[in-house]
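The values are calculated or read from the model by the stated rules, or taken from the named source; none is laboratory data. Bear in mind that the values here come from a model prediction, so they are computed numbers and not experimental data. Glycine also receives a Cβ, built like all others from the backbone with ideal geometry; neighbour counts cover every protein chain displayed. When the accessible area is computed, the model is the full protein with side chains, heavy atoms only, and any ligands, DNA or RNA have been set aside. Shrake-Rupley method; radii C 1.70, N 1.55, O 1.52, S 1.80 Å.
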Amino acid sequence: MPGAAFLLQFQYRYGVDLAYLREHPHQLPMLIEHQRIRFTPVSGGSSSVTQRLTLDDGTDVFAKLNETGPRGLLVAESRGLEWLAAADAPVPQVLCATEELLVTDWVMPGTPSPEGAREFGRDLAELHRVGADGFGADWAGFVGLLPMDNAADEETWPHWFARRRLEPYLRASRDNGALDASDGAKVEAAMAKLEEIHDPAEPVARLHGDLWPGNVHFGSDGKGWLIDPAAHGGHRETDIANLHLWGGVPHLNEVIAGYQQQWPLTEGWRERMPLHQLFLLLVHTALFGSGYRGQVLAAARAFA
C-alpha cells in the first residue's frame with residue numbers, strides 16, 4: 001500500500017482528476033489537508049463537512065466528510081443515491097464513497113422556475129412508479145443523524161409505517177421530553193387512523209424518503225435535483241406530503257401539476273398529508289426537541 005508521502009509526490013506530478021479520485025478515495029482528506037485540491041466550503045449537515053472541490057483537470061465535485069456523525073451515515077446516503085439513480089431519478093452521480101467520505105457530481109445552483117418545477121414533478125412521479133420490492137430497503141438507513149429501520153417485510157403499509165416510521169421517533173421524542181404522555185396519546189390516536197385511510201391497491205413506491213423542500217436542489221440546468229435521500233420503499237404520498245412542509249418547495253403548485261400529469265394521485269391525498277408528515281415532524285422532535293411540538297400536535301389533531 002503506497003504511503004502518504006508517495007501519494008503526495010504522485011499527485012504533485014500527475015495531478016488529481018476523476019480517475020485518480022476514484023482509485024484513491026481514502027486519500028482525499030489528506031489531499032485537502034495538504035491544500036493540494038482547491039476547495040470552497042458549502043452549507044451542509046450538522047455532522048458533516050461539505051465542500052466544493054475543484055480538481056486539477058478543472059472538474060468540480062461535491063464532497064461530504066463525516067466528522068462526528070454515526071458510522072454508516074454516508075454509506076446509507078450513497079446506497080440511496082445509487083438506488084434512485086437506477087430508476088433514472090434526477091440525482092447527482094456517486095463518484096466515490098467510503099465510511100468517511102462521499103463524493104458526487106457538483107450540480108451548479110440555479111433559480112427555480114415554473115417549467116423546471118413541473119418537470120421535477122413529472123420526474124418524481126416516474127421515480128415513484130418504478131416501485132420497490134417491498135417496504136424499507138436492504139441497507140441500514142438514516143434520517144438526519146437518527147437510525148431509520150429499513151427492515152423489509154410483508155406487513156401492510158399502515159402497520160409498517162406505524163412500526164418503522166412513527167413509533168421509533170415518537171418513543172425518542174417522549175424520552176427526550178419533547179412530547180409528554182398526553183402528546184403521545186394524541187399521536188397514537190392519529191396513528192390508529194392509518195388503516196382506514198389506506199388504499200390497499202396503492203403499490204409500493206420508490207421514495208426519496210426525506211423530501212422536505214431543502215432536499216430539492218434546483219440547478220443551473222433548470223432541473224430539480226434530489227439530494228440527501230433517506231431512500232426506501234414506501235407510500236408515494238409520504239414524499240408528496242413532505243414537499244409541503246415548512247413553506248413548501250418553490251413553485252409547489254407546478255410540481256404537483258407535473259406529478260398529476262404523469263401519475264395522478266388518488267382522491268383525498270391532501271386530507272391525508274398530515275398523517276404522512278408525522279414521520280418527519282417526529283424526527284424533528286426526536287432530534288431538536290420541543291420546538292416542533294406544536295407542528296406534531298397540529299398534524300395529529302387533523303385525525304383526532
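For this structure, a couple of remarks:
- Cα gyration tensor shape for segment 159-237, rounded if a/c is under 1.5, else prolate or oblate: oblate
- Value at 222 nm in deg cm²/dmol, rounded to 500, when DSSP H runs of n ≥ 4 in the chain each add -39,500 (n - 2.57): -12500 deg cm²/dmol
- Cross-link partners of K186 among aspartates and glutamates (Cα-Cα below 15 Å; sequence separation of 8 or more within a chain): E167
- Taking the C-alpha atoms of the chain, convex hull volume expressed per residue in Å³: 133
- Within-11-Å neighbourhood charge of D180 [Cβ basis; K, R +1; D, E -1]: +2
- Here K64 is the anchor, and the lysines within straight C-alpha reach of less than 25 Å, apart from those fewer than 8 places off in the same chain, are K223.
- Once the mean of 1/r is taken over each pair of separate Cα atoms and inverted, segment 134-190 shows a Kirkwood hydrodynamic radius of 12.3 Å.
- FRET efficiency, E115 to D175 (Cβ-Cβ, R0 45 Å, nearest 0.05): 0.45
- Virtual paramagnetic centre 7 Å along Cα→Cβ of V42, amide N under 14 Å, in segment 53-88: 53-55, 59-65
- Label point distance in nm, S182-A151, each placed 7 Å from Cα along Cα→Cβ: 3.4
- Counting only alpha carbon atoms, the long axis of helix 114-130 and the longest principal axis of the chain meet at about 80°.
- Rolling a 1.4 Å probe over the protein heavy atoms gives the chain an accessible area of 45 Å² per residue.
- Sulfur and carbon atoms: percent of accessible area, the chain [1.4 Å]: 50
- Backbone amide hydrogens, once placed in the peptide plane, bring M148 within less than 5 Å of G141, F142, V143, excluding anything fewer than 5 places away on its chain.
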